[in-house]
Amino acid sequence: AGLFSAVSATFLGIMLPNLSPDPSDTTNALLMMIYHQLNNTAFPGQVSSLPSWDGPPWIIIWTQTLLYASLSTSLLAALGAVLGQKWLRDYADNTRGPREYRRTRRQIKVDGLETWHFEAVLRVIPALLQLSLLLFGTGLGAYLWAQQRTVAAVVVGTTSFGALFYIVASI
């Protein structure tokens, strides 16, 4: 889960600039305005103005949403795994004290594991990772579809095959 979270975060870091306007466009427009002011014959018939930005395209927002959901889901799975490991370590650590005290303490821990539905929590962790992979594949496929459809077809095909395989294997 941790390694997958790192991969997801890397992709998000690469795509994060797509959510804001490109500062070089504004810089280039300002340089053209300055140059035009210094030399009126430059860029004849062209009106210099600052570029307007209406926000990122919908595909970027949709893709980023899917990738952030994937990252959040994988981090939640990692948190569940760490908590599960800690609970099991606490349950197994029962070697000090008189026998009656250890028996009572172990029963309290068993009751706590049942109260917090420990077994169900452990079963959810792989499902969270699988959901995270599906969200990541879908988001990456959507992003690539807007960039280059041949490469996107490979990602979409692989993600679809994985999802179909999971569904068939789960039946």
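Scan segment 51-63 and give yes if some residue there is in a loop (DSSP other than H, G, I, E, B) and charged (D, E, K, R), otherwise no.
yes
Mind checking whether some residue in segment 43-59 is at pLDDT 80 or above, surrounded by 12 or more Cβ atoms within 10 Å (Cβ to Cβ) and under 23 Å from L16 (Cβ atoms)?
There is at least one residue in segment 43-59 that is at pLDDT 80 or above, surrounded by 12 or more Cβ atoms within 10 Å (Cβ to Cβ) and under 23 Å from L16 (Cβ atoms).
In the list T95, T150, which residue meets the criterion of being outside any helix (DSSP H, G or I) and of a type in the set (V, I, T)?
T95
Only residues that are of a type in the set (D, E, K, R) and open to solvent by 50 Å² or more (accessible area, probe 1.4 Å): list them for segment 101-155, please.
R102, R103, R105, R106, D111, E114, E119, R123, R149
Please tell me if S74 is in contact (Cβ under 8 Å) with a residue 60 or more places away in the chain, polar (S, T, N, Q) and either open to solvent by 90 Å² or more (accessible area, probe 1.4 Å) or in a helix (DSSP H, G or I) (or both).
The answer is yes for S74.
The values are calculated or read from the model by the stated rules, or taken from the named source; none is laboratory data. Not measured: the values here are computed from a predicted model. Heads up, the Cβs are rebuilt from the backbone with ideal geometry, glycines too, and the neighbour counts pull from every protein chain shown. We work out accessible area using only protein heavy atoms, side chains counted, and drop any ligands, DNA or RNA first. Shrake-Rupley method; radii C 1.70, N 1.55, O 1.52, S 1.80 Å.
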